[in-house]
1. Could you compute the net charge surrounding Cys48? Neighbours are other residues with a C-beta less than 10 Å from the C-beta of Cys48; K and R count +1, D and E count -1.
2. What does DSSP give for region 37-130 in terms of the percent of beta bridges that are antiparallel, rounded to the nearest 5?
3. How many Å³ per residue does the convex hull of the Cα positions in region 23-153 occupy?
4. In the chain, which longest range has no chymotrypsin sites (Phe, Trp or Tyr not before Pro) that are both DSSP loop (not H, G, I, E or B) and surrounded by at most 12 other Cβ atoms within 10 Å?
5. Net charge within 15 Å of Thr129 by Cβ-Cβ distance, Lys/Arg positive one each and Asp/Glu negative one each, not counting Thr129 itself?
6. Using only Cα atoms, find the angle between the long axis of helix 27-40 and the longest principal axis of the chain, and express it within 0 to 90 degrees, rounded to the nearest 10.
7. Once phi is turned into ³J(HN,Hα) by the Karplus curve 6.51 cos²θ - 1.76 cosθ + 1.60 with θ = phi - 60°, what whole-Hz value does each residue of region 45-58 show in order, with x for glycine and proline?
8. Count neighbours as other Cβ atoms within 10 Å of each site's Cβ, and list the GluC sites (Glu not before Pro) in region 51-154 that are DSSP loop with at most 16 such neighbours.
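Here, each number is a calculation from the coordinates, and none is a lab measurement. All values reported here derive from a predicted model rather than from experimental measurement. So basically every Cβ, Gly included, is an ideal-geometry build from the backbone, and we count neighbours across all protein chains shown.
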Amino acid sequence: MLEKIKQMGQARQVAGEIPIYHRYTLGVAGERFFKAMRDGRQILVSPCPKCQDRLLPPKMYCERCFEETSDDWLPLEGPGYIRSFTVLHQSLDEEPLDHPTVVALISWEGIRGGLIHRVLGVDPAQVTTGMAVEPVWAEERTGALSDISHFRAA
Ligand SMILES: [Zn+2]
């Protein structure tokens, strides 16, 4: 019954599925961040009182100097800027998309961090790093990153 397996191909295999469910909590900072997007159409950043960095997404502690961030979170102002991007031609299911979709890393002046989101309404061939963009808010918001429908050229 107990045979020593000397080669991987000798291992017996049993086909099947294991249902796994999990919940991801937003945490104190994440909840405040997403509520502000849902209720106020604001993207908040948390300032660090020690190094003066403003963090996006907001955090309870500064990752650079480990200082507790200030409770006086600030809404982002002005346009974001595309720092990096890619053009998707397939869905996550590897099905061809009707239109290529730009997904970009967007950051703001003086802010450490950023958001990754879709940029729509721009010809993908015209998208460049440094391009100014602004959020377009979803009409129905649920407290998720999808509360921002997408970004568009500012
Ligand atoms: Zn800091």
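1. +1
2. Looking only at bridges with both residues in region 37-130, the antiparallel portion is about 90 percent.
3. 129 Å³
4. Longest gap between qualifying sites, sites excluded: 67-154.
5. Once positives and negatives cancel, what remains is 0.
6. Value to nearest ten degrees: 50.
7. Couplings: 10, 9, x, 9, x, 8, 9, 6, 5, 10, 9, 9, x, x Hz.
8. Glu63, Glu67, Glu77, Glu94, Glu109, Glu139, Glu140
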